[in-house]
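Below is one structure, written out as structure tokens; comments come after it.
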Ligand code: GLY
């Protein structure tokens, strides 16, 4: 089979790394890819938002399966376009991807179908939103409706912070049309985890639990990032609570999407807060998490390609039990970022130590923001590398990942030193 993977981050490197191992693959392409992906796949120069360009390439090259990593092409309708042209593609349709593409759509759906989520109000005028937050109880959460590259959620501890967030989103249009509507949401406490599953709209195949680390600094301090590291499994969530998410969130959401005539096929990712009063949905994503995908791909024993094909063809229930097999070992992925990230940062710094790290036992380096310039590996984005490691225990996986991180060096690099530590408490 000829397979095309769309995207250029650590998640896409992990997908390419896993797909490359499938005996079904004859040629593997990635668009646009990165320096790590280029060692495993033929990279193209078509950006993920150029869905027409990607479709033309897939038609010309007779691609048998296209795998979409990021949310932007999904929300632009890449799956609909490919399907119209009889090209097989893994991911939800544009209408189904609204679960991630519009937080207002998502929250209204959850409310309509009685799926547990924090209480919220929707505003499309800043004046009304400001009046509301002036009498709110703090902290509260302000969310831009549309896609904002992970920056559209602000936890506000004071009235001033809330007013400022509203002004940024609605008046100064920091996120363009994504901030035309906002949500003001109740702030809830608990343990947050990423509950992903594969669904074809008829059945659900569960994916092992992972936990992301969204804040930039140790101890969950500092601003939000795309994710500074992840691990799997996540023993801090009990099996009872996990089963509740399946029953109270995933199953009713799949039914709700069918009922709305927006059948969801692909990775249904629920960001869940496990609270004292049960699991609540913070958000849905319509794709694998990044960096959560990296430890998951390291632990995935099944061939990913048949799983994706069965999802597209709505025959996940025909794959037998267990639908997905996992390595019982634990995996940890530590993200190394550019100095200044998630704020302003410079790129183009040479990266050293990658070959040494990659040779270490049970270590895999997932490139995110890397490029080759004159043969040399250099930084090209905020998140640069994900250092993944397997271990018999989470502690062992963590120790291996950090031993590999130590060999890597570039100007200004930073990383969290406590990835997976929560699991030991
Ligand atoms: N790591 C969070 C996300 O992928 O949205």
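Any read-out appearing in this document is the output of simple, stated calculations on the displayed coordinates, not a laboratory observation. Worth saying up front: this structure is predicted, and the values here are computed from it rather than measured. Here the Cβ is made from the backbone with ideal geometry for all residues, glycine too, and neighbour counts use every protein chain on show.
Comparing 194, 119, 302 in a Gaussian network model of the chain, where Cα atoms under 10 Å apart are tied by springs, the biggest mean-square fluctuation is seen for 119.
Once a ≥ b ≥ c are taken as the square roots of the eigenvalues of the Cα gyration tensor of region 330-425, is the result rounded (a/c under 1.5), prolate (a/b larger than b/c) or oblate (a/b not larger than b/c)? Here region 330-425 falls in the oblate category.
Given R0 = 45 Å, the distance between the Cβ atoms of residue 180 and residue 406 translates into a calculated FRET efficiency of 0.45. Once divided by 2.2 N^0.38 Å, the Cα radius of gyration of region 50-101 becomes 1.03.
Available extension along the chain between residue 155 and residue 45 is 35.9 nm, counting 0.36 nm per residue and deducting the alpha carbon span. Global dimensions of region 1-64 from alpha-carbon coordinates: Rg and Dmax equal 10.8, 30 Å. Over region 190-242, the ratio between the Cα radius of gyration and 2.2 N^0.38 Å evaluates to 1.34. Summarising the label geometry, the points placed 7 Å from Cα in the beta-carbon direction at residue 317 and residue 246 lie 1.5 nm from one another.
Taking other C-beta atoms within 10 Å as the exposure proxy, 2, 173 rank 173, 2 from fewest upward. If you build a Gaussian network model of the chain, linking Cα atoms that sit under 10 Å apart, which residue out of 47, 131, 225 swings the most? Comparing 47, 131, 225 in the GNM, the peak value goes to 131. Site pair residue 276 and residue 326 shows an inter-label distance of 2.9 nm when each label is modelled 7 Å from Cα along Cα→Cβ. Under the rule a/c < 1.5 gives rounded, and otherwise a/b versus b/c splits prolate from oblate, where does region 71-214 land using the Cα gyration tensor? Because a/c hits 1.5 or more and a/b exceeds b/c, region 71-214 counts as prolate.
If you stretched the chain out fully between residue 136 and residue 171, how much longer would it get, using 0.36 nm times the residue separation minus the C-alpha to C-alpha distance? That works out to 10.6 nm of additional length.
From the alpha carbon centroid of region 182-246 to that of region 376-425 is 19 Å.
Translational diffusion coefficient, Stokes-Einstein: compute it for region 157-234 using the Kirkwood radius over C-alpha pairs as Rh, at 25 °C and 0.890 mPa s, and state it as an integer in µm² s⁻¹. It diffuses with D of about 156 µm²/s by this estimate. Counting only DSSP H runs of at least 4 residues, each contributing -39500 (n - 2.57), and dividing by the residue count of the chain, the helix-based mean residue ellipticity at 222 nm comes to -7500 deg cm²/dmol. Is the shape of region 359-403 rounded, prolate or oblate, going by the alpha carbon gyration tensor and its root eigenvalues a ≥ b ≥ c, with a/c under 1.5 for rounded and a/b larger than b/c for prolate? Since a/c reaches 1.5 and a/b is larger than b/c, the shape of region 359-403 is classed as prolate.
Cα-based radius of gyration for the chain, normalised by 2.2 N^0.38 Å, reads 0.94.
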